[in-house]
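The values are calculated or read from the model by the stated rules, or taken from the named source; none is laboratory data. These figures come from a predicted structure and were not determined experimentally. Here the Cβ is made from the backbone with ideal geometry for all residues, glycine too, and neighbour counts use every protein chain on show. Keep in mind that these areas ignore ligands, DNA and RNA; they rest on the heavy atoms of the full protein, side chains included. Shrake-Rupley method; radii C 1.70, N 1.55, O 1.52, S 1.80 Å.
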Amino acid sequence: MSFTGKYELQSQENFEPFMKALGVPDDKIQEFKDLKSISEIVQDGNKFKVTVTAGPKVKHSEFTIGEESEIEMLLGEKVKAVVRLEGGNKLVTNLKGMTSVTELNGDILTHSLTVGDITYKRISKRI
């Protein structure tokens, strides 16, 4: 299954508790919480390019399945991580004590980030 496409954020769950758990200041949480975002994924075999545009912010990450890559976090910090492909439709990685799972089912892309016992879920639809 190819992840290639553009996806528009439709809904999100647990944004504020998740951001608080990461230590994000309240003013930044309010600034980010209502931003609509577009994620563009280009998959070429095991190589991925991901661009996320949220308001004026644009984040880029490139990675190859199974190889250590530099991934840009939510707040712009770059960390080294290895992304795994599970079941042909799930990208899984661990970043600084956080688990990230991106799952594609048809035209719906679900991205879950878990830190401790809090999971932030973003649901986007292919456009």
Inter-label distance, nm, simple model (7 Å from Cα along the C-beta direction), D26/V82: 4.2
Cross-link partners among lysines for K33, C-alpha distance below 29 Å, same-chain residues fewer than 8 apart left out? K6, K20, K49, K57, K59, K78, K80, K90, K96, K121, K125
Highest-fluctuation residue, L85, L104, L74 considered, GNM on the chain with Cα pairs under 10 Å: L74
Could you work out the equivalent-ellipsoid semi-axes for the range 53-116, taking the square root of 5 times each eigenvalue of the Cα gyration tensor, largest first, in whole Å? 18, 16, 12
For a bin width of 10 Å, list the pair-distance distribution of the range 5-126 built from all Cα-Cα distances, rounded to whole %. 12, 47, 36, 5, 0
With every protein chain kept in the model, how would you rank R126, R84 by accessible area, 1.4 Å probe, largest at the top? R84, R126
Taking θ as phi - 60°, what are the ³J(HN,Hα) couplings along the range 89-96 by the Karplus curve (6.51, -1.76, 1.60), each to the nearest whole Hz, with x for Gly and Pro? 9, 10, 9, 10, 8, 10, 10, 6
